[in-house]
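To start, the structure itself, in structure tokens.
The values are calculated or read from the model by the stated rules, or taken from the named source; none is laboratory data. Given the structure is predicted, the values throughout are model-derived calculations rather than measurements. Heads up, the Cβs are rebuilt from the backbone with ideal geometry, glycines too, and the neighbour counts pull from every protein chain shown. These accessible areas exclude ligands, DNA and RNA; they are computed on the full protein's heavy atoms, side chains included. Shrake-Rupley method; radii C 1.70, N 1.55, O 1.52, S 1.80 Å.
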Amino acid sequence: MFIVRMATVYEPEIDALPDEFRTVLTEQDILAIRTGPEYFATLADADAPSWLKKLLAKCAESWYELQFYATGNAPYRPYFRFQFLGEPAISLPRSMPLRPDMPAFLRRLYGVIGAFRENGFDVAGGLRAGDRLAPVTESGMWVEPGGPIDPAQAVPFLETLSGSQLCYLPDGSGAWLEACQFRPIAKLESEVARYFQALLKGKRI
């Protein structure tokens, strides 16, 4: 059995939220709610990738619905769902630590965006929650044996609409997991940029 819980709050008022929603908000969530969508334009610093600045600028120009999402018995996680393109949703970083083997550029990205959904919660596509990443072997995904990459060392963190999984590897490189097989790539950061640049153009890789 698999249980999904989701609730949408329009024009949220923090003090009026039920406890199950209010208690999972971080200080940053509260600041974003009280400031409004323009808060998201302040998240990226001068050294942030251009695609990230553009994405957050579009969020700042939009309006949002506050959505709370959870699976099983886990507590709700808040997402800000914006009204442009495919109505993407951003969850701000949580307090749980990131994996120590995470590449530096990805660690910086997860310091700004804790998770990203390019579509609704029931559709594939997006940046997995940074505090919940695990190797392919712990995900339930099946991989053809005998390939060049050990599934126990490949950590999926980004998913396309078609279900392809971008993974990072211990040496900082990466691979796409497609049709149960790994396709190695040398420039992991470039693949992340390619994914988001396509979204900003209303396309998908």
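Net charge within 12 Å of Gly202 by Cβ-Cβ distance, Lys/Arg positive one each and Asp/Glu negative one each, not counting Gly202 itself? Within the 12 Å Cβ shell, the charges total +3.
Find the lysine pairs in the chain meeting two conditions, Cα atoms under 17 Å apart and a separation of 8 or more places or different chains, and report how many there are.
Lysine pairs, 8 or more places apart or on different chains, close enough: 5.
Near Gln153: Cβ cut-off under 15 Å, other residues only, Lys/Arg at +1 and Asp/Glu at -1. The net charge is -3.
The listed peptides 133-139, 63-69, ordered by packing as a protection proxy, come out as 63-69, 133-139 (highest mean of other Cβ atoms within 10 Å first). Across the chain, C-alpha contacts under 8 Å between residues 6 or more apart give a mean separation that, scaled by the residue count, equals a relative contact order of 14 percent. Computed from Cα atoms, the angle from the helix 188-200 axis to the main principal axis of the chain rounds to 50 degrees. Directionally averaged projected area (the chain, Cα convex hull): 11.6 nm². Amide hydrogen proximity for Leu133: with H placed 1.01 Å from N in the peptide plane, no residue at 5 or more positions away or on another chain lies under 5 Å. Give the angle, between 0 and 90 degrees and rounded to the nearest 10, that separates the Cα long axis of helix 50-60 from the longest principal axis of the Cα atoms of the chain. Once rounded, one gets 30 degrees. The distance separating the Cα centre of the range 84-100 from that of the range 168-205 comes to 18 Å.
Summarise the accessible area of the range 78-143 (1.4 Å probe, protein heavy atoms) by the percent that is carbon and sulfur.
Ligands and nucleic acids excluded, carbon and sulfur give 53 percent.
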